[in-house]
Amino acid sequence: MSLVGPSLAVSALLFAIGVLGVLVRRNAIVIFMCVELMLNAVNLSFVALSAAYGLSGQIFVFFVMTVAAAEAAVGLAIMLAIFRHHKSVDLQNINLLRG
Amino acid sequence: MTEQVFWFFAAVAVVSAGLVVAMRNPIASAFWLVSTMLCLAAMFFLLNAQFIGVVQILVYAGAVMVLFLFVIMLLNLGRAPSDLRRAPAWLVGVLLVGVLASQLMPLGGYTRERLALEYTRSTALASPGVVFDSTMSVTGMDPATATLERGVPGDIAAPLFQQYLVPFELTSILLLAAIVGAVVLAKRRI
């Protein structure tokens, strides 16, 4: 039996857990970690399909990792700036853009 | 045997991911996320993507998570009194995720034959010799065998530095922009 189907199922489950974290939690850093979890889940499905269809999937995972690293650096810098201003990273206190 | 090992790592990955969401202390969340990422690396190894697995451990479990822990400890975030959204938003979130998961789970029944049937109405694409990926130069060979024959890093390097050279160079510009952006944002005064 090939591992492609089970990998896609695990990837779907991890993605759903990541979405749950983004929707339910309030701490901005934990939400950020859940976004990383979603990126990882998608990477798993890329790798699973590349095991069946060729290497482009793995190269795409490489690019996703680069973008995720850049995103983590910039995102955490933004969080530091927000914390310096609001003394908190709780998203309920940061609602300046609300209409 | 491979399958049992795969299911073990899959179970640990899913449980750790659940604990990332459930833990109230951000540092505990970060450590469970490291556990998820290590399990994913193990699954990459089992799927014949050894290079990606090593990069996953080095870049994600190593560099990115150290950055997260560093920021959490720098901001001195402890246990918040309550870290969940209020009742209506919370329930809507759980409902949406239930719908999403139930829609995505049928992917578990995926096979080559089914994908080929759905896209072309014929099973011709299901044979390993016919692929719709230009990086598969060795036709008529199953990807795992082809990787064994060519070696793992060389297998990735050839398309990365030929076919995908321009995107690869563009990522270096992206990383430079990210470094400059992070310094500008985090500095008090420039």
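The values are calculated or read from the model by the stated rules, or taken from the named source; none is laboratory data. Here the structure is a predicted model, which is why all the values come from computation and not from measurement. Don't worry about glycine lacking a Cβ; one is built from the backbone with ideal geometry, like all the others, and counts go over all protein chains shown.
Summary table
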quantity	calculated
Identity of the residue in segment B:140-190, at pLDDT 75 or above and charged (D, E, K, R), that ends up nearest to B:Asn48 (Cα to Cα)	B:Asp155
Any hit, segment A:19-30, residues being touching a residue at least 24 places away in the same chain (Cβ under 8 Å) and more than 7 Å from chain B (Cβ to nearest Cβ)	yes
1 or more residues more than 7 Å from chain A (Cβ to nearest Cβ), over 19 Å from A:Ala16 (Cα atoms) and modelled with pLDDT of 90 or more: qualifying helices (runs of 4 or more DSSP H) within segment B:17-132	B:26-46, B:50-55, B:65-75
Residue tally, condition among the aliphatic types (A, V, I, L, M), more than 7 Å from chain B (Cβ to nearest Cβ) and under 13 Å from the mean Cα position of the chain (by Cα), over segment A:31-57	6
Members of segment A:1-18 that are over 15 Å from the mean Cα position of the chain (by Cα) and at the interface with chain B (Cβ under 7 Å from one of its Cβ atoms)	A:Met1, A:Leu3, A:Val4, A:Gly5, A:Pro6, A:Ser7, A:Leu8, A:Ala9, A:Val10
Entirely in segment A:1-91, the helices (runs of 4 or more DSSP H) that have 1 or more residues that are in contact with a Lys or Arg (Cβ under 9 Å, 6 or more places away or on another chain) and among the β-branched types (Val, Ile, Thr)	A:4-24, A:28-53
Every pair of residues 6+ apart whose Cβ atoms lie under 8 Å, when the first sits in segment A:62-80 and is over 25 Å from A:Ile94 (Cβ atoms) and more than 7 Å from chain B (Cβ to nearest Cβ) while the second is part of a helix (DSSP H, G or I) and polar (S, T, N, Q)	A:Val64/A:Asn43
Residue list for segment B:1-16, filter: more than 7 Å from every other protein chain (Cβ to nearest Cβ) and either surrounded by 16 or more Cβ atoms within 10 Å (Cβ to Cβ) or of a type in the set (A, V, I, L, M, F, W, C) (or both)	B:Met1, B:Val5, B:Trp7, B:Phe8, B:Phe9, B:Ala11, B:Val12, B:Val15, B:Ser16
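Yes/no per residue for (1) surrounded by fewer than 23 Cβ atoms within 10 Å (Cβ to Cβ); (2) out of contact with any Phe, Trp or Tyr (no Cβ under 6 Å at 6 or more places or on another chain):
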{"residue": "A:Leu13", "(1), (2)": "yes, yes"}
{"residue": "A:Val19", "(1), (2)": "yes, yes"}
{"residue": "A:Val22", "(1), (2)": "yes, yes"}
{"residue": "A:Arg25", "(1), (2)": "no, yes"}
{"residue": "A:Met33", "(1), (2)": "no, yes"}
{"residue": "A:Val47", "(1), (2)": "no, no"}
{"residue": "A:Ser50", "(1), (2)": "no, yes"}
{"residue": "A:Gln58", "(1), (2)": "no, yes"}
